[in-house]
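Working notes for the structure below.
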Amino acid sequence: MKKKVIKTIILILMAISITGCSKANYQKDESYETDIIGTYEINAEADSDNKTTYYKQYVLNDDNTYNYESNVFGTDSKSSGNYTINSETENILIIDFDIINSTSTDEELVNIKSAKQYKKVYKYKNMLGSIIEMKELPTSETFNYIIPDETGGGMMFTKDGYYHACIDINNCQCDYAKDVKYIRKNNVIYFNIKNSVSDDYWQITNYVVDDYLFTPELYKVEEQ
């Protein structure tokens, strides 16, 4: 799971199209409490021709059935089946999927793993995503904290306000997300995203929930 969280954070940094303004700007926290039934999706577009290159959607029905579809850089994947709900904490739910029907195309084999559905996802408020344990995380805006993985690498948050994803946490050379700034405000962790619109846009990347760091990937679509 830890590798998946690192990859998810990197994917968020690379794939999501951001809009900001010329001044320092924090993304608005639009999380809200909601029931589990409904549609959750994420949709990112390429800058060059506005073509959708990353799309995922879960539809959770009130009879505990679900439908899933994705298109990740040309690789389509669909599935359906049943789901069950359990509690991880008071604020986080676990959704386990029993995949009955599944189809996928592999035009780009390098992306097929990204397109496939997880058999387990976590729900926090109006979001689906992944979690990683972070006990006793400091409440200060910046802090020293290391999340190791089984390979000797991991994620590092430093007191000077930088985040690093390292292959070797004992000799971190900023292998991924080099020199990315972060800041914690209340239970939200923002990353400083530099793009063509603003060099000082702070995007929500994580929520500190109980003893976990929750990384959102899909967001519930509000009913019209």
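The values are calculated or read from the model by the stated rules, or taken from the named source; none is laboratory data. The structure presented is a predicted model; accordingly, all values stated were derived computationally and were not measured. Methodologically, a virtual Cβ is constructed for each residue, glycine included, from the backbone with ideal geometry; neighbour enumeration extends over all protein chains shown.
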Any strands (runs of 3 or more DSSP E) falling wholly within region 109-224 and containing at least 3 residues that are at pLDDT 95 or above and over 20 Å from residue 42 (Cβ atoms): 176-185
Region 56-68: number of residues that are at pLDDT 95 or above and surrounded by 15 or more Cβ atoms within 10 Å (Cβ to Cβ): 7
Unmet requirement for residue 141, which otherwise passes all of (1) in contact with a strand residue (DSSP E or B) (Cβ under 7 Å, 6 or more places away or on another chain); (2) acidic (Asp, Glu); (3) more than 25 Å from residue 90 (Cα to Cα): (3)
Top-ranked residue of region 32-50 - restricted to ones that are buried (at least 17 other Cβ atoms within 10 Å of the Cβ) and modelled with pLDDT of 95 or more, ranked as farthest from residue 125 (Cα to Cα): 41
Criterion (at pLDDT 95 or above and at negative phi) met by exactly one of 53, 84, 75: 84
